[in-house]
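The structure appears below as C-alpha cells.
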Amino acid sequence: MKKIFRLILVLLIIILIIFGVYKFFFDCQKYNVDFDKYFTLQEMDYAIIGKEATLKLLAINEDKCLNNNCEYDGQEVVKFLIMNEHKIAYIKLGTLEENKKTIKDTDYIVELIKVDDNGATFEVTKKQ
C-alpha cells in the first residue's frame with residue numbers, strides 16, 4: 001500500500017513539473033524586437049531583443065498603496081526576467097516608483113513605458 005501511495009505521489013509531482021515547464025516555456029507568445037523600440041507583452045510572453053537578450057514577463061500586479069500611505073490610486077508592478085548568454089536578472093518595475101533600471105553586468109537599460117489592458121509596454125536600450 002505504501003508503494004502505491006509513493007508511486008502516485010511521484011507521478012503527481014512529475015505531472016506538476018511537466019505542466020509548470022509547459023506553461024513557462026511553451027504556452028506563450030514569442031516576439032522578435034529590436035533595441036530602442038517599444039514593445040508590449042502580456043503575462044508569460046517573451047521578446048527576443050536584437051537576437052542577444054530575452055525579456056520574459058512573469059506578472060503584472062496592482063499595489064493599492066505605496067509606502068503604507070494611500071495617497072495614490074495605486075501602481076502597477078511588473079515582474080520580469082531579462083537574460084542573455086551570461087546573465088539572468090529578476091527585475092521589478094512600477095508605474096509610480098522606479099520605472100527605469102540599468103541591469104548590472106550588462107549593457108541594458110529597461111524602461112517600463114506603460115501598463116494597460118493590452119499588457120506592459122517596455123523599451124530596452126543599450127548603454128553607449
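No value in this document is a laboratory result; all are computed from the given coordinates. All figures in this text were calculated on a predicted structure; none of them were measured in a lab. Note that we place each Cβ from the backbone using ideal geometry, even for glycine, and neighbour counts take in every protein chain shown.
Okay, here's what the table says:
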item	result
Normalised contact order of the chain, rounded percent, pairs of Cα under 8 Å and 6 or more residues apart	19 percent
Value of Rg to Rh for the chain (Rh from inverse mean 1/r over Cα pairs, i.e. Kirkwood)	1.11
Restraint check, 79/101; 30/79; 23/126; 79/100, Cα-Cα greater than 21 Å	23/126
Helix 2-21 vs. the chain, principal-axis angle (Cα, 0 to 90°, nearest 10)	20 degrees
Among 119, 99, 86 - extreme Cα towards positive end, dipole of the chain, charges at beta-carbon	86
